[in-house]
Amino acid sequence: MSRLRVSEIFYSLQGESRSMGFPTVFVRLTGCPLRCGYCDTTYAFKGGKWMEIPDICQQVAAYQPRHVTVTGGEPLAQKEALPLLARLCDAGYEVSLETGGSMDLRGVDSRVVKVMDIKTPGSGEAEKNRWENLQQLSPRDQIKFVICDREDYDWARAQLREHELPRRCEVLFSPVQGGLAPEALAEWILQDKLPVRFQLQLHKILWGDEAGR
């Protein structure tokens, strides 16, 4: 049987991405090869419990969801994440994957909406960006930049142009919570007329840093 180490499975409102606000079941897998300076899920780096894929799907089904998000940590750090994603799609859910962008996206079921980070210099992990993953994105996927400061913003703006990112899919810009003032990022986007979606983390506004939310 295929199994994965799972940090938590919980039901909440989607706090980010195009499906923000929808009731969603989150399957948070354990482990991550990155150590971003602003990470808010460091508890998922280790621990968790081993679960067989059918047991994960059974727990998801108990919530009777429409939307399911597989996240981490870095979910693709566990190879069995791929069959889990496919199994969830087979069950008829609208499935999304939140990935840090350092792992190969080949093999991810085409039915899955991929929400991929591009790590900025302020994250401390920009050298881990796997740029060839851009070829694996479709117009229904999303790219996310978490912006720490003006330097990060200028760098992200340059990537938009160099890689023609808005032509590939929707691009999201978010300020680091407790770091960059949201209104500053909003003003920069408006001044430069960037073709990106500004977003705040809805779950943080509602519940702060409470785990399982």
Quick calc, the chain, dipole around Cα centre from Cβ unit charges on Lys, Arg (+) and Asp, Glu (-), nearest 20 debye, gives 440 debye
To make sure I understand the rule: partners must be aspartates and glutamates, Cα under 19 Å from the Cα of Lys49, and not fewer than 8 residues away in the same chain. Which ones qualify? Glu8, Glu74, Glu80
Take the cross-link list Lys79/Lys114; Lys79/Lys204; Lys128/Lys204; Lys46/Lys114 and give me the ones stretching past 18 Å between alpha-carbons. Lys79/Lys204; Lys128/Lys204; Lys46/Lys114
Just the number, please: Stokes-Einstein D of segment 1-60 in µm²/s, Kirkwood Rh from C-alpha pairs, 37 °C, 0.692 mPa s. 256 µm²/s
Would you mind telling me which residue in His67, His203, His163 has the biggest mean-square fluctuation in a Gaussian network model of the chain, where springs connect alpha carbons within a distance under 10 angstrom? His163
With both bridge residues required to lie in segment 106-198, what share of the DSSP beta bridges run antiparallel, to the nearest 5%? 0 percent
When the expected Rg is taken as 2.2 N^0.38 Å, what fraction or multiple of it is the alpha-carbon Rg of segment 131-213? 1.16
Counting only DSSP beta bridges with both partners in the chain, the antiparallel fraction in percent, to the nearest 5, comes to 30 percent
Asp104 paired with Lys128, simple spin-label distance in nm, labels 7 Å along Cα-to-beta-carbon: 1.8 nm
Could you tell me the center-to-center distance, by alpha carbons, between segment 158-213 and segment 52-116 in angstrom? 23 Å
With all distinct Cα pairs included, what does the Kirkwood hydrodynamic radius of segment 164-205 come out to in Å, to one decimal, could you say? 11.2 Å
Of all the Cα-Cα pairs you can form in the chain, what percent are over 23 Å apart? 43 percent
Within segment 119-213, which GluC sites (Glu not before Pro) sit in a loop by DSSP and count at most 13 neighbouring Cβ atoms inside 10 Å? Glu164, Glu210
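Every number here is computed from the coordinates shown, using simple stated rules; none is lab data. Note that this is a predicted model, so its numbers are computed, not measured. Counting neighbours? That spans all protein chains shown, and the Cβs are built from the backbone with ideal geometry, glycine included.
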